[in-house]
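Working notes, structure below.
Since every read-out is calculated from the coordinates, none of them should be taken as a lab result. Owing to the predicted nature of the structure, the values given are computational and were not obtained by experimental measurement. Don't worry about glycine lacking a Cβ; one is built from the backbone with ideal geometry, like all the others, and counts go over all protein chains shown.
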Amino acid sequence: AALEGEAVAEALAERARDERVTALLHNNLGVVLAAADQAERARGHYLQAIDLLGRVEGLKDPLIGVVHHNLGGQARELRQLDAAREHYTEAIRLFGELLGEGHPYVAHPVNGLAEVDVLAGHLEAAAGGFTRSLALMEAAYGANHEYLMHPLVGLGQVREREGDHEAATRIFRRAVDLGEQ
């Protein structure tokens, strides 16, 4: 249903003659297409968004970080770990530069990068990333927000792989409690 309005949305964005509006449309189409398992089309829209935003001289828009985060997630899902690491790292850099290192937007690509570290077998780095993501999210959203489930599950998985079953159980219980809320 989200794709039914694609042609109309593209025509409206073209009429607006605003690269940021068109870039936002391409990012959002990328998200929808990724959810519809159309990875190549999604990637094409993400890259169009970055290209459009890059054309605006002096633009400092967090949307660039959002698109890199989305590209990182897509690459991670496809097990393209180097590309995922590159995009997540760029998102972290951009959000930190544009919004500040403590901004909650930083937490999400930090979490994604930690997931890449798990897939690459770098458990110590993953634990550090999940811990940082969790701290940023707790500071921004409070101790009971559903977003905390992502770094908690990741950290629990790391502790389980390391053989610390007691810590893993404690962390997973916290994630379940948040989910039940």
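Other residues lying with their Cβ under 10 Å from the Cβ of ARG85 contribute a combined charge of -3, Lys and Arg counting +1, Asp and Glu -1. Centroid-to-centroid, using Cα positions, region 32-82 and region 93-169 are 21 Å apart. Here, region 88-181 yields an orientationally averaged convex hull projection of 5.5 nm² when only Cα atoms define the hull.
Computed from label points 7 Å out along Cα-Cβ, the spacing between GLU101 and GLU14 is 4.6 nm. All other residues with a Cβ under 15 Å from the Cβ of LEU98 taken together, and with Lys, Arg as +1 and Asp, Glu as -1, what is their net charge? Value of the local net charge: -1.
Each residue, ALA35 and ARG93, gets one label point 7 Å from its Cα in the Cβ direction; the gap between the two is 3.0 nm. For GLY179, the shell of other residues with beta-carbons less than 14 Å away shows a net charge of -1, using +1 for Lys and Arg and -1 for Asp and Glu. Over all orientations, region 11-97 has a Cα convex hull whose mean projected area works out to 5.5 square nanometres.
Based on DSSP H segments of at least four residues, each scored -39500 (n - 2.57), the chain has a per-residue ellipticity at 222 nm of -26000 deg cm²/dmol.
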